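> Starting off with a structure, shown below.
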Amino acid sequence: MEIILKNIYVGERQSRETTAFQATLFIDGYRVGVITNDGQGCPNMYRPLDDKGVMLIRQAEDWCRRLPPMVLADTMSDGKPVTIPMELELYLDNIITDWLTKKDIEKFRRKAEKKMSSAIVFGVPDKTFGLMTYGKVISALIHRPGFIDQLRKDIHTKVLPLLQDDEKILNTNIPWRVVERLQVPAGKWVDVGRKIMVVR
């Protein structure tokens, strides 16, 4: 069974005990209706458009109950991770959580990419970052004689010593031919391979 939410709107200010949202619910390609949550800890509210929508919601509830339980790896009981039986409510909450996570990652990447134009950006991919700024656009600086050598020195003396185990240099705007010359240890530059965007 395919369960999809479209036209998702999340009200962050209204969210208290649960995530306040409104979305259009589709089940097996059929537009079932609107689903909402007021964010105050109440269950999701369904507004099906017709009798077929009501039937599909019931079928989705039965289908979700047959799915494997959700495992809470960070919550232990008697030495084992806690599990929660899957329900339609939980299934839809997971869709909303995944949607919010994706939005947060997109926001993070846009912010980081903006800073990359004139800085070396480093941190935990898609979570946190710090900066070593140059004040000028790197795409222009890398063509100046001696700048790549200076960049290598700055990275090895000012950035790499600060990196924790899960942190990397996050720049995707520096040509691979330049990255190779910087001699950064394996695993300490964000893994974008040779598809690094070429700076012109």
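> At R0 = 41 Å, how high is the FRET efficiency between residue 6 and residue 117 if r is their beta carbon distance? Nearest 0.05 is fine.
0.75
> Work out the FRET efficiency for residue 13 and residue 154 from their Cβ-Cβ distance, taking R0 = 45 Å, and round it to the nearest 0.05. Please list the in-between numbers first.
Numbers: r = 42 Å, r/R0 = 0.93.
Efficiency, from the Cβ-Cβ distance: 0.60.
> Relative contact order for the stretch 3-104: what percent, with Cα pairs under 8 Å and sequence separation of 6 or more?
Across the stretch 3-104, relative contact order equals 17 percent.
> Determine, from the Cβ-Cβ distance of residue 83 and residue 181 and an R0 of 41 Å, the FRET efficiency 1/(1 + (r/R0)^6), rounded to the nearest 0.05.
Efficiency at R0 = 41 Å is approximately 0.25.
> On to the next question. Averaging the inverse of every distinct alpha carbon separation and then flipping it gives the Kirkwood radius. What is it for the stretch 24-98, in angstrom units?
Result for the stretch 24-98, one decimal place: 13.7 Å.
> Grab the alpha carbons of the stretch 61-196, take their convex hull, and tell me the volume per residue in Å³.
Cα-based convex hull of the stretch 61-196, divided per residue, equals 144 Å³.
> Kindly list the residues of the stretch 1-42 that lie in the label zone of residue 97, defined by a backbone N under 13 Å from the point 7 Å along the Cα-to-C-beta vector.
18-19
> Moving to a separate point now. Going down the list 107/158; 114/188; 115/168, which pairs span over 25 Å between their C-alpha atoms?
107/158
> Sort 115-124, 157-166, 175-184 by packing, meaning the average of other beta carbons within 10 Å per residue, with the highest value first.
115-124, 175-184, 157-166
> Using a 7 Å offset from the Cα along the Cα-to-Cβ direction at both residue 34 and residue 173, what is the distance between the two label points in nm, to one decimal?
So the two model labels end up 4.1 nm from each other.
> Below 8 Å between Cα atoms, with a sequence gap of 6+, how large is the relative contact order for the chain in percent?
11
Read-outs: derived from the displayed coordinates by stated rules, not from any lab. Everything numeric here is computed off the predicted structure, so don't read it as measured data. Ideal geometry is used to build each Cβ from the backbone, glycine not excepted, and the neighbour counts take in all protein chains shown.
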